[in-house]
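Notes for the one structure printed next.
The values are calculated or read from the model by the stated rules, or taken from the named source; none is laboratory data. Everything quoted here is computed from the prediction, not taken from an experiment. Because the Cβ atoms are built from the backbone with ideal geometry, glycine has one as well, and the counts that use them run over all protein chains shown. Ligands, DNA and RNA are excluded from the accessible area calculation, which covers all protein heavy atoms including side chains. Shrake-Rupley method; radii C 1.70, N 1.55, O 1.52, S 1.80 Å.
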Amino acid sequence: LRDATAVTMFAPTDEAMTQLGDKKLSQLDDIRNEETVLRMATYHAVSEPVTAHELFASAGVIPISCDTVPVVRTVSGGLFGLGGTEDGGVTVGGSKVVETVNIGSHIIHRTDNLVSPSLLWRYCDQLRIPGSK
């Protein structure tokens, strides 16, 4: 990213981070989980600018993790995903984009959750020593 002239970041809102809860926040802060946290972070950065319009028109983005993250248009109404209408929003990796901010040539999409796969949390749990908190 240091060499890129423009990047896109998916940044969870303060509320999204608070909703993770104390346990997950302490796992993010634990030095033993540094490798997993860095892996999570790679899902939140794209080494080129991706506008809100481009997100809406795409089916996925390729962050620096090199794993494609799905982009899905959000739907309002309907029942079990049927009969609803698109409401103009998108989710990236299951996290809804709530705001887009342009800072120079960089783009920050604020999301309502982490974009990285929830499966990565299992690696944090494996470091827990039985009987510890």
Regarding the range 34-49, can at least one residue be identified that is touching a residue at least 12 places away in the same chain (Cβ under 8 Å), over 15 Å from the mean Cα position of the chain (by Cα) and over 17 Å from S116 (Cβ atoms)? yes
Residue set S47, S116, S58; condition surrounded by 12 or more Cβ atoms within 10 Å (Cβ to Cβ), of a type outside the set (D, E) and within 24 Å of T18 (Cα to Cα); output residue S116
All-but-one check, R73 against (1) open to solvent by 30 Å² or more (accessible area, probe 1.4 Å); (2) out of contact with any Phe, Trp or Tyr (no Cβ under 7 Å at 6 or more places or on another chain), failing number (2)
Picking from T13, T8, the residue that is under 17 Å from the mean Cα position of the chain (by Cα), open to solvent by less than 50 Å² (accessible area, probe 1.4 Å) and under 20 Å from T68 (Cβ atoms) would be T8
Considering the range 25-44, residues that are over 15 Å from V69 (Cα atoms) and in contact with a Leu (Cβ under 9 Å, 6 or more places away or on another chain), and then whichever is least open to solvent (accessible area, probe 1.4 Å), we arrive at N33
Worksheet item: Are any of the residues in the range 98-106 of a type in the set (A, V, I, L, M), closer than 22 Å to V37 by Cβ, under 19 Å from the mean Cα position of the chain (by Cα) and open to solvent by 50 Å² or more (accessible area, probe 1.4 Å)?
Response: no
